[in-house]
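One structure is given here, and the rest of the page talks about it.
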Amino acid sequence: MKNNLMLLLTALIWGCAFVAQSVGMDYVGPFTFNSVRCIIGSIVLIPVIFLMDALKKKSGMSKEEIRKERGDTKTLITGGICCGVVLGIASSLQQFGILFTSVGKAGFITAMYIVLVPILGMFLGRKVRPLIGLCVVIAVAGLYFLCMTEKLSLGIGDLFVLICAFVFSIHILVIDHFSPLVDGVRMSAIQFLTAGILCAILMFVWETPKVSDLLAAWMPILYAGVMSCGVAYTLQILGQKNADPTVASLILSLESVFSVLAGWVILKQELSAKELFGCGLMFLAIVLAQLPQKTFKKGR
């Protein structure tokens, strides 16, 4: 129960982060917001690294065992930079998308990565269950009801977030490759720093950041940096440590539901009946995509 509560809190923090991202861009540009939040997230993870090392020593792990778990330094840095570059692209696309769409829609469209990851895995030689095909059909139907306008066109903001979901799927596959080889928290700190630097370069090229604007947006930036990047990521690691992976992913997928609730409560953004029906279909696809295969074999 304790682990599940930590994962539920993680989903809540991530869902509310969509509101922080939307409010923050009332004051600063997308690249500025992402750059500062990612660098803050990297800094926040530094004490977490020392704390987790101390806990490992307290549990009886030797320095050699801790060093082995940390992984090869070259692999750690390579993994962190690769993840950071992809994360920087995905989060920037998401920020631009939120400029033109509601936080609730952005949350559900972003969650499409749960369905897209198995599909992309096919190109890496991984087997895909027939159920995933059904999930894709349901998710696409959900996207239609959620995003399509009366003119049968996809909104520019929804398009940005949909591409963002695709890039986040690549991000997950990159993490999946490197995470078994190195310490996850250290790699995350490097990825946040890399994403922050990448967005900072684009910030100085395309935007004109001002200290006054950053100070005006201090609350949403701090929330996104400290809570979404630092606290939520740590809670996810601790929560998944002794939790069933399927249950963990199902709880984390509630992020999309919390984004709709947060947008409604905080920003007064309401979805139409058609859009809510689309959200329902997408959430059904997300849940079905994560159910274990054995469940369906027993039910036949």
Return the only residue of VAL86, VAL19, VAL28 being in contact with a His (Cβ under 8 Å, 6 or more places away or on another chain) and modelled with pLDDT of 90 or more.
VAL86
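Report yes if GLY230 is among the small types (Gly, Ala, Ser) and either free of Cβ contacts under 8 Å to residues at least 12 places away in the same chain or under 16 Å from THR32 (Cβ atoms) (or both), otherwise no. Quick ask: steps written out before the conclusion?
Numbers: among the small types (Gly, Ala, Ser): yes; either free of Cβ contacts under 8 Å to residues at least 12 places away in the same chain or under 16 Å from THR32 (Cβ atoms) (or both): no.
Considered against the rule, which asks whether it is among the small types (Gly, Ala, Ser) and either free of Cβ contacts under 8 Å to residues at least 12 places away in the same chain or under 16 Å from THR32 (Cβ atoms) (or both), GLY230 comes out as no.
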Within the range 98-116, does at least one residue satisfy the condition of being assigned to a helix (DSSP H, G or I), at negative phi, without any contact (Cβ under 8 Å) to a residue 40 or more places away in the chain and aromatic (Phe, Trp, Tyr)?
no
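Considering every residue within the range 210-218, establish whether at least one is β-branched (Val, Ile, Thr) and not in a helix (DSSP H, G or I).
Within the range 210-218, the first condition is being β-branched (Val, Ile, Thr), and the residues that meet it are 211.
Okay, now just the ones that are also not in a helix (DSSP H, G or I), so none.
No, the range 210-218 contains no residue that is β-branched (Val, Ile, Thr) and not in a helix (DSSP H, G or I).
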What is the one condition in (1) surrounded by fewer than 20 Cβ atoms within 10 Å (Cβ to Cβ); (2) in contact (Cβ under 8 Å) with a residue 60 or more places away in the chain; (3) assigned to a helix (DSSP H, G or I); (4) not β-branched (Val, Ile, Thr) that TYR27 does not satisfy?
(3)
Could you list, in sequence order, all residues of the range 164-201 that are farther than 19 Å from PHE50 by Cα, surrounded by fewer than 22 Cβ atoms within 10 Å (Cβ to Cβ), modelled with pLDDT under 95 and among the aliphatic types (A, V, I, L, M)?
VAL167, ILE170, ILE172, LEU173, VAL174, ILE175, LEU181
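Those residues that are without any contact (Cβ under 8 Å) to a residue 12 or more places away in the chain and part of a helix (DSSP H, G or I), I need them from the range 44-70; list them, please.
Pass one, the range 44-70, residues without any contact (Cβ under 8 Å) to a residue 12 or more places away in the chain: 47, 50-51, 54-55, 57-65, 67-68.
Residues satisfying the conditions are PRO47, PHE50, LEU51, ALA54, LEU55, LYS57, LYS58, LYS63, GLU64, GLU65, ARG67, LYS68.
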Scan the range 119-134 and give yes if some residue there is buried (at least 23 other Cβ atoms within 10 Å of the Cβ), of a type outside the set (A, V, I, L, M, F, W, C) and part of a helix (DSSP H, G or I), otherwise no.
no
Can you find a residue that is over 21 Å from ALA17 (Cβ atoms), surrounded by fewer than 22 Cβ atoms within 10 Å (Cβ to Cβ) and more than 22 Å from the chain's Cα centre (by Cα) anywhere in the range 76-97?
no
Would a scan of the range 12-19 turn up a residue that is hydrophobic (A, V, I, L, M, F, W, C) and more than 22 Å from the chain's Cα centre (by Cα)?
no
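The values are calculated or read from the model by the stated rules, or taken from the named source; none is laboratory data. What you see is a predicted model; the values in this text were computed from it and never measured. Neighbour counts are summed over all protein chains in view; Cβ atoms, including those assigned to glycine, are modelled from backbone coordinates with ideal geometry.
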